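Just below is one structure, and these are the notes that go with it.
The values are calculated or read from the model by the stated rules, or taken from the named source; none is laboratory data. These numbers come from a predicted model, not from an experiment. Cβ atoms come from the backbone with ideal geometry, glycine included; neighbour counts cover every protein chain shown.
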Amino acid sequence: MEILKTVSEMQAWSDNIHQKQNQICLVPTMGYFHEGHLSLMEKGKEFCPDLVVSLFVNPTQFGENEDLDSYPANIERDVKLAEKKGVSVVFMPDKKEIYPDGFQTYVELTKLPGHLCGLSRPVHFRGVATVVTKLFNIVKPDVAIFGSKDFQQLQIIRRMVKDLNYNIKIVGCPIVREDDGLAMSSRNAYLSPEQRQIALCLSKSLEKAEDMILNGEKITSTVKKELASYIKSFSFTEIDYISICDPETLDEIGDGDINTADPLLIAMAVYVGRTRLIDNRIINPVQ
Ligand code: AMP
């Protein structure tokens, strides 16, 4: 496995692979790997043997009061885990390599970021779209793998690839969970043992919402109220949002407008202590 740190080394490696008529798969990450990240690497290997994992904590997707400086890291462990998964290259640029002095070009979508996480994280998706565009131009993948844990991000990337005519297949992977249902996240490392237990209220309330809807509840505000009061019954919690929306457009579904034959996204962000956790569930996914 190679560790590459510069844009020119990475581009040269990719050009060489393409010259041999081979395809490249990219898994973008911010590191501190857990089983969720590893599942994306496994999926990537199903598409192409030449798998690149990028490990870059992207400063432009963090707001001013967010956790950029404290974001968990263990590069040595990540490198070992990537090697075990048969990764060909870990691309690990430093910040100046991606954002050199004078950098001023951003990629911004007009509608999808105006929902869910974008409402409380106004610069987040501009940062994500920009860094993923740059990674696409640097790594030149044929396939790129993303987790549906960050569902809005996945939809934004899919839209961006269409809008910008990238010839890249975007593959979404299911959420990997701990045995008790907590969605795996690098940020779970911030939780105290007590908060870790409380954090189960996200996955539990998503199950509750699915039960209510599949049992005929059509009023989205009733489902949201029920979830909110359940989550608020735990100490340390503060709800950022609870959404029941169309998985394509992310537009909220109004009271009475639930059609149980259509796919439906239930998504939420909840602070447990100072840690902001997200989770989601799709009802009736398109097969
Ligand atoms: P991150 O390092 O948090 O930026 O995540 C890198 C990639 O891993 C993104 O595509 C995430 O959606 C994906 N990911 C994070 N957590 C999970 C999880 N629990 N299950 C599946 N994919 C995940």
Residue ID - nearest to ASN74 (Cα to Cα), chosen from residues in segment 36-48 that are at pLDDT 95 or above and either within 7 Å of the ligand (Cβ to nearest atom) or assigned to a loop (DSSP other than H, G, I, E, B) (or both): HIS37
Helices (runs of 4 or more DSSP H) (entirely within segment 164-246) containing at least 3 residues that are at pLDDT 95 or above, surrounded by 19 or more Cβ atoms within 10 Å (Cβ to Cβ) and under 22 Å from the mean Cα position of the chain (by Cα): 200-214
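Select from segment 95-111 the residues that are among the hydrophobic types (A, V, I, L, M, F, W, C) and either surrounded by fewer than 12 Cβ atoms within 10 Å (Cβ to Cβ) or over 11 Å from ALA129 (Cβ atoms) (or both) and list them in ascending order. So that I can check it myself, show each step before the final result.
Applying the first criterion (among the hydrophobic types (A, V, I, L, M, F, W, C)) to segment 95-111 yields 98, 103, 107, 109.
Matches in segment 95-111: ILE98, PHE103.
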ALA129 vs. criteria of a type in the set (Gly, Ala, Ser), under 14 Å from the mean Cα position of the chain (by Cα), farther than 15 Å from ASP279 by Cα and not in a loop (DSSP other than H, G, I, E, B): yes
Qualifying residue in segment 8-28 (condition: polar (S, T, N, Q), more than 19 Å from GLN152 (Cα to Cα), within 14 Å of the ligand (Cβ to nearest atom) and outside any loop (DSSP other than H, G, I, E, B)): no
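Among the listed residues HIS124, HIS115, which satisfies the condition of being outside the structural domain of TYR241 (by TED's automatic domain parsing), in contact (Cβ under 8 Å) with a residue 60 or more places away in the chain, in contact with a Gly (Cβ under 7 Å, 6 or more places away or on another chain) and buried (at least 19 other Cβ atoms within 10 Å of the Cβ)? Can you show your working first?
On the way: HIS115 fails: in contact with a Gly (Cβ under 7 Å, 6 or more places away or on another chain).
When all the criteria are applied, what remains is HIS124.
Can you confirm whether segment 146-159 contains a residue that is within 13 Å of the ligand (Cβ to nearest atom) and outside any helix (DSSP H, G or I)?
yes
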Breaking point among (1) within 16 Å of the ligand (Cβ to nearest atom); (2) within 17 Å of the chain's Cα centre (by Cα), for VAL90: (2)
So THR275, is it hydroxyl-bearing (Ser, Thr, Tyr), under 18 Å from the mean Cα position of the chain (by Cα) and over 19 Å from PRO113 (Cβ atoms): yes
